[in-house]
1. Out of all the residues in the range 91-101, is one or more within 17 Å of residue 180 (Cβ to Cβ) and either in contact with a strand residue (DSSP E or B) (Cβ under 6 Å, 6 or more places away or on another chain) or of a type in the set (A, V, I, L, M) (or both)?
2. Residue 98 versus (1) more than 16 Å from the ligand (Cβ to nearest atom); (2) of a type outside the set (Ser, Thr, Tyr); (3) touching a Gly at 6+ places or on another chain (Cβ under 8 Å): which is the lone unmet condition?
3. For the range 79-95, give me each residue that is within 15 Å of the ligand (Cβ to nearest atom) and within 20 Å of residue 19 (Cβ to Cβ).
4. Return yes or no: is residue 146 closer than 21 Å to residue 5 by Cβ, within 16 Å of the ligand (Cβ to nearest atom) and surrounded by 18 or more Cβ atoms within 10 Å (Cβ to Cβ)?
5. Take the range 104-117 and flag every residue that is exposed (fewer than 14 other Cβ atoms within 10 Å of the Cβ) and either touching a strand residue (DSSP E or B) at 6+ places or on another chain (Cβ under 9 Å) or not in a loop (DSSP other than H, G, I, E, B) (or both).
Amino acid sequence: MPNVFERIAAIGVVPVIAIENPAHAVPLADALLAGGLPIAEITFRTAAAAEVIARMAQERPALLVGAGTVLDRISLDIAIKSGAQFGLAPGFDAEIVDHAADAGFPFVPGIMTPSELSAAMRRGAQAVKFFPAGTIGGPEALKSIAAPFAHLGLKFIPTGGVSPGNLQDWLKVPGVAAVGGTWIAKTEDIRAQAWDKIAANARDAVAAINLHRHARA
Ligand SMILES: O=C(O)C(=O)C[C@H](O)[C@H](O)COP(=O)(O)O
């Protein structure tokens with residue numbers, strides 16, 4: 001069984017989700033699964049996050065459920081208790097990274113500078129979220145920042161400003177395991193229960209990943 005980081009890399013795209021209503025958890029999971037995208041990052045930006053994670057984890061075990069926007073130890077504990085299989089944060093916080101490691105919980109901290117990358121690496125991170133990817137300077141910025149660390153095998157998940165239009169450029173950067181973004185399952189589409197639209201977005205994203213991988217094979 002591949003570990004969580006390997007599973008994320010195999011899927012190649014992580015939908016970042018802010019969902020408001022726990023009743024939408026299972027239909028959203030089904031839309032993603034129908035689109036061939038068995039992963040969700042449920043952010044702690046809404047009060048519903050823990051309940052959504054719990055419902056998805058219990059009722060749709062085929063979905064790899066991560067907790068996003070984990071900004072403190074309490075959220076981390078709640079994420080673990082709710083059944084999240086991994087966690088992510090937009091920034092690097094050594095206390096949270098250590099707490100996750102102590103709990104044996106796979107965690108992806110956010111970084112935007114070589115110093116943060118270095119600190120994340122020293123604390124044992126295997127993968128980092130490059131955030132806010134577009135604003136920092138796009139794929140060229142990540143290429144430059146990652147170059148001195150390339151021999152260490154660290155994996156990157158650029159997030160923030162990634163879209164269907166630039167996804168291919170991000171995937172070309174060495175070390176990028178997956179891309180992340182909100183475009184697949186937007187809060188307003190979840191609110192409107194636009195499950196077919198979300199499934200279609202998921203399908204398109206998966207197709208773009210596969211196209212890139214076949215072109216390289
Ligand atoms: O919430 C977090 O923990 C984050 O890391 C932030 C999100 O990943 C970005 O807000 C993505 O935003 P888009 O540019 O709309 O794809």
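What follows is calculated from the coordinates using simple rules that are stated; it is not laboratory data. Because the structure is a prediction, the values reported are computed rather than measured. Note: ideal-geometry Cβ built from the backbone for every residue, glycine included; neighbour counts use all protein chains shown.
1. Among the residues of the range 91-101, at least one is within 17 Å of residue 180 (Cβ to Cβ) and either in contact with a strand residue (DSSP E or B) (Cβ under 6 Å, 6 or more places away or on another chain) or of a type in the set (A, V, I, L, M) (or both), which makes the answer yes.
2. So the condition that residue 98 fails would be (3).
3. 79, 84, 86, 87, 88, 89, 90
4. Taking the combined requirement at face value, the residue does not satisfy it.
5. Across the range 104-117, the qualifying residue is only 115.
Each row is one residue, and each column tells you yes or no for (1) hydroxyl-bearing (Ser, Thr, Tyr); (2) in contact (Cβ under 8 Å) with a residue 24 or more places away in the chain; (3) surrounded by 21 or more Cβ atoms within 10 Å (Cβ to Cβ); (4) under 25 Å from residue 106 (Cβ atoms).
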site	(1), (2), (3), (4)
123	no, yes, no, yes
131	no, yes, yes, yes
151	no, no, no, yes
187	yes, yes, no, no
191	no, yes, no, no
197	no, no, no, no
215	no, no, no, no
